[in-house]
Amino acid sequence: MTKNDRANFGSKIGAILAAAGSAVGLGNIWRFPFETGNHGGAAFILIYIGCVLALGIPIMMAEFLIGRRSRANTAGAYRQLSPGTQWKWVGRLGVLTGFLIYSFYSVVAGWTLEYILQAVSGGLNGQTAEGFINTFNSFVSSPWRPVVWSVLFVLMTHFIITRGVEKGIERSSKILMPMLFILLFVLACCSISLPNASEGIRFLLQPDFSKVNSKVLLGAMGQAFFSLSLGMGCLCTYASYFRNDTKLPRTAFNVALIDTLVAILAGFIIFPAAFSVGIRPDSGPSLLFITLPNVFQQAFGNIPLLALLLSLLFYVLLALAALTSTISLHEVSTAYMHEEFNLNRKKAATLVTIGCILLGMLCSLSLGVGSQFKLFGMTLFDLFDFVTAKIMLPVGGLFIALFAGWYLDKQIIWEEISNRGTLKVHIYRLLFIGLKYVAPISIILVFLDQFNVFG
Ligand code: PFF
């Protein structure tokens, strides 16, 4: 394929929304609340915001400029910008990371479909908090139901991917993102008006720094990479479809801002609701699927139709937010197979789909019938989440920063960031310091701290 045959996003806003669609997903609404809950609340959120500013935005800009300059999939991008070197492994590591994330992510995405069905059939009506916990636990540990849903989700993703970049990815993001934002806002208002919600708001707003340790730092860093879709070449792949007049700094700021706002809004939905019904904030991955049905029940139990409608709308939008992210995860591997192995797009997408379905099945079964099988004390599902978010993404981010900060020609960086000198870029120096020093040093320090190097 020649460079000119490559697809492009049709508009600048389309590019922002597609990248934001990748960033905003289960990471914000499902993962951010339980990581915040596990790591003590407000202090975690402040450190998280620090990670977005100091690491997230510079690395996002680096991914953007590498992708747009090379106009290639992530592995091809490094090969093109540094021919004959080993940097290509950074891109390949990204493809592998994306594939592993996709496999456990599609399992949780499948859960949203089950909850849509439960909402429609009235299964969520009239249950107690205890009832919601039991429903969730028996569903995720059942052998076939979650598997069927996750397969369905991967097939939906496959369908959009095969429709291409502009019609599939861009058009779906333009419709879904604004809808999601409005609904989250409405739900946050409902949640903070529940009885005892103030305890949850305090948990979100009052930092207790005495709880901060290396685990909290690693958690916040991993969450920032996961949530912003960074460290695995996803945004690099999307940027390869950006137009030449797309402003990279502005796009990066907007995506980071939208993503962080959605995560914080999700916090304002989950924690007031969790405290209101007495559910522990550190109850892990089940938090969202247990507290939310409870919010609807508690807040609107006496108007069942409204409870049904809101829960239905919420799970539909959650599924759609997940979909815009699975599309981006799928695209990384599809573009790689398509361009590196000269397969046509459909064939490449089909291979990725089959692989993800198989690995996703194993992840799903590891929560039920396969739960005795553990590696490093974790189920396959937890292991994939841990290894990708807390090791592979930060390592990927480290190498992306080193590549852009130390290896890449400064002229290339300047040309891409300033659209070949046509934009005034005030943060250019800051970006450089971020990529050259701040990002690599802080990622390495957080890792060393994990191994107790500092005592
Ligand atoms: N950022 C997505 C989320 O927050 O749900 C997840 C994700 C998508 C991670 C794409 C990594 C990625 F490349």
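At 7 Å along Cα-to-Cβ for each site, give me the label-to-label distance between SER138 and LYS347 in nm.
4.8 nm
Tell me the net charge near ARG280. Cut-off is 14 Å between Cβ atoms, ARG280 excluded, with +1 for each Lys or Arg and -1 for each Asp or Glu. Write down the numbers at each step before the final one.
Details: positive: none; negative: GLU130, GLU199, ASP282.
Once positives and negatives cancel, what remains is -3.
Within the range 373-455, which chymotrypsin sites (Phe, Trp or Tyr not before Pro) sit in a loop by DSSP and count at most 14 neighbouring Cβ atoms inside 10 Å? Could you put the intermediate results ahead of the total?
Details: sites: PHE373, PHE376, PHE381, PHE384, PHE386, PHE399, PHE403, TRP406, TYR407, TRP414, TYR428, PHE432, TYR437, PHE447, PHE451, PHE454; in loops: PHE373, PHE376, PHE451, PHE454.
Here the chymotrypsin sites (Phe, Trp or Tyr not before Pro) that fit, given the DSSP loop and packing criteria, are PHE373, PHE376, PHE451, PHE454.
Once a ≥ b ≥ c are taken as the square roots of the eigenvalues of the Cα gyration tensor of the chain, is the result rounded (a/c under 1.5), prolate (a/b larger than b/c) or oblate (a/b not larger than b/c)?
Numbers: a/c = 1.64, a/b = 1.41, b/c = 1.16.
Judged from the Cα gyration tensor, the chain comes out prolate (a/c at least 1.5, a/b above b/c).
Per DSSP H run of at least 4 residues, take -39500 (n - 2.57); add these up for the chain, divide by its residues and hand me the 222 nm value, nearest 500 deg cm²/dmol. Before the final figure, lay out the partial values.
Working: 21 runs with 311 residues, N = 455.
Here the helix-only value at 222 nm equals -22500 deg cm²/dmol.
For the range 75-214, what does the equivalent ellipsoid look like in terms of its semi-axes, each the square root of 5 times an eigenvalue of the Cα gyration tensor, given largest first in whole Å?
Working: eigenvalues 255, 121, 71 Å².
Three semi-axes, in Å: 36, 25, 19.
Can you compute the FRET efficiency between LEU257 and GLN372 using 1/(1 + (r/R0)^6), with r the Cβ-Cβ distance and R0 = 41 Å? Round to the nearest 0.05. Working shown, then result.
Details: r = 44 Å, r/R0 = 1.07.
Approximately 0.40, to the nearest 0.05.
Just rank SER227, SER276, SER82, fewest to most, by other beta-carbon atoms within 10 angstrom.
On the way: SER227 28, SER276 23, SER82 15.
Sorted ascending by nearby Cβ count, the order is SER82, SER276, SER227.
In what order do ASP208, ASP282 fall by count of nearby beta-carbon atoms within 10 Å, going from fewest to most?
Working: ASP208 12, ASP282 15.
In increasing order of surrounding Cβ atoms, one gets ASP208, ASP282.
Using Cα pairs closer than 8 Å and at least 6 residues apart in sequence, work out the relative contact order for the chain, in percent.
Details: 742 pairs, mean separation 155.0, N = 455.
It comes to 34 percent, rounded to a whole number.
Given all pairs of different Cα atoms, what value in angstroms does the Kirkwood hydrodynamic radius of the range 3-92 take? Kindly include the intermediate steps, with their values, before the conclusion.
Values: mean 1/r = 0.0639 Å⁻¹.
Evaluated over the range 3-92, this radius sits at 15.6 Å.
Filter the trypsin sites (Lys or Arg not before Pro) in the range 367-419 down to the DSSP loop ones having no more than 15 other Cβ atoms within 10 Å, then list what survives. Could you put the intermediate results ahead of the total?
Numbers: sites: LYS374, LYS390, LYS410; in loops: LYS374.
Answer in residue order: LYS374.
Modelled label-to-label distance, SER11 and LEU423, 7 Å Cα→beta-carbon offset: nm?
Spacing of the two 7 Å Cα→Cβ label points: 1.8 nm.
Stokes-Einstein D for the range 195-273 at 10 °C, 1.306 mPa s, Kirkwood Rh over Cα pairs, in µm²/s?
Working: Rh = 15.2 Å.
Stokes-Einstein gives a translational diffusion coefficient of 105 µm²/s.
By how many nm would the segment from MET179 to ASN213 lengthen if fully extended, with 0.36 nm per residue of separation less the alpha-carbon distance?
Values: separation 34, 0.36 × 34 = 12.24 nm, distance 3.74 nm.
Extra length available between MET179 and ASN213 comes to 8.5 nm.
By how many degrees, between 0 and 90 and to the nearest 10, does the Cα long axis of helix 393-402 differ from the longest principal axis of the chain?
20 degrees
Using the Cβ atoms and a cut-off under 15 Å, what net charge is assigned to the surroundings of LEU365, where Lys and Arg are +1 and Asp and Glu are -1? All intermediate terms of the calculation are to be shown ahead of the outcome.
On the way: positive: ARG145, LYS374; negative: ASP382.
Neighbourhood net charge equals +1.
Would you calculate the separation in nanometres between label points at LEU305 and ASP409, each defined as 7 Å from the Cα along the Cα-to-beta-carbon direction?
For the pair LEU305/ASP409, the computed spacing is 6.7 nm.
Please say if the range 336-455 is rounded, prolate or oblate, where rounded means a/c under 1.5 for a ≥ b ≥ c the square roots of the C-alpha gyration tensor eigenvalues, and otherwise the choice is prolate for a/b larger than b/c and oblate otherwise?
Details: a/c = 3.64, a/b = 1.39, b/c = 2.61.
Note, shape of the range 336-455 comes out oblate.
Tell me the net charge near VAL140. Cut-off is 15 Å between Cβ atoms, VAL140 excluded, with +1 for each Lys or Arg and -1 for each Asp or Glu. Write down the numbers at each step before the final one.
Numbers: positive: ARG145; negative: GLU114, ASP382, ASP385.
Here the count lands on -2.
Rounding to the nearest 10 and keeping the result within 0 to 90°, find how far the Cα-based axis of helix 145-163 lies from the longest principal axis of the chain.
Roughly 40 degrees between the two axes.
Read-outs: derived from the displayed coordinates by stated rules, not from any lab. No experiment lies behind these values; they were computed from the predicted model shown. When we count neighbours, we look across all protein chains shown, and the Cβ atoms used for this are built from the backbone with ideal geometry, even at glycine.
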